[in-house]
Amino acid sequence: MSSAPRLAGQSATLLRYIFLMDEKRDLLRHTLATLAYRTARALEGAPATFAGFDGAGRTPAQILAHMGDLFDWALSMARGNPAWHDSGPLAWAEEQKRFFGALSAFDAFLASPAALQAPIERLFQGPVADALTHAGQLAMLRRLAGAPIRGENYFVAAIAIGQVDFAQPAPVKTF
């Protein structure tokens, strides 16, 4: 009988841990959806010449290829087989598909019951945070290339967990 309270305490601790893990996964997945939304906004309606714009170091095509590499890497770490690949950019439309495909694959892994083989905080601080920076670079490069994106209130944007492909909801409030 003395082991029952200990087991109950262990079960409560385990349930709390599972809840916190799910909460962290959900926040990371919401971050991925936010990244998809902001990257799609930076890419949609870009002129055909944007991929090769060479006005600030790396071209948008090179940046997007790097972003795809970041999510291939994130997925490999999450699965416990870390591997980095430095991909050269594909044709612009193909590179966009590759990026959103890599992002979707990582999100699908996070949505699964599979155990993460890397600390979720490290996945955020490494590849995810890096990709957020690059989404901002793409938006800035649009302005430098003479094709700025519209301003938008992202707080009210219709961003949702699992919505990580190029097709995104219309902006709610632009300015």
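Taking other residues whose beta carbon is less than 13 angstrom from the beta carbon of Trp84, and scoring Lys, Arg as +1 and Asp, Glu as -1, yields -4. Between segment 138-175 and segment 21-89, the C-alpha centres lie 15 angstrom from each other.
Counting 0.36 nm for each residue step from Ser87 to Glu152 and taking away their Cα separation leaves a gain of 20.2 nm. Looking at (1) 28, 23, 15; (2) 37, 19, 11; (3) 30, 17, 16, which value of semi-axes √(5λ) of the Cα gyration tensor in Å comes from a calculation on the structure shown? Only one listed value fits the structure, namely (2).
Rounded to the nearest 20, the Cβ-based charge dipole of the chain about its Cα centre (Lys and Arg +1, Asp and Glu -1) stands at 400 debye.
How far, in degrees from 0 to 90, does helix 129-144 lean away from the longest principal axis of the Cα atoms of the chain, to the nearest 10? So the helix axis and the longest Cα principal axis differ by about 20 degrees. Rounded to the nearest 500, the helix-only mean residue ellipticity at 222 nm of the chain stands at -20000 deg cm²/dmol, with each DSSP H run of n ≥ 4 adding -39,500 (n - 2.57).
Electrostatic tally near Arg98: other residues with Cβ closer than 10 Å to its Cβ, Lys and Arg +1, Asp and Glu -1, net -3. Farthest toward the positive end of the dipole of the chain, out of Ser76, Ala157, Ala135, is the Cα of Ala157, where the dipole comes from beta carbon charges about the Cα centre.
Every read-out reported here was derived from the displayed coordinates using simple, explicitly stated rules and does not represent laboratory data. As the structure is a prediction and not an experimental result, all values here were calculated from the model. Every residue, glycine among them, receives a Cβ derived from its backbone with ideal geometry; neighbour counts consider all protein chains shown.
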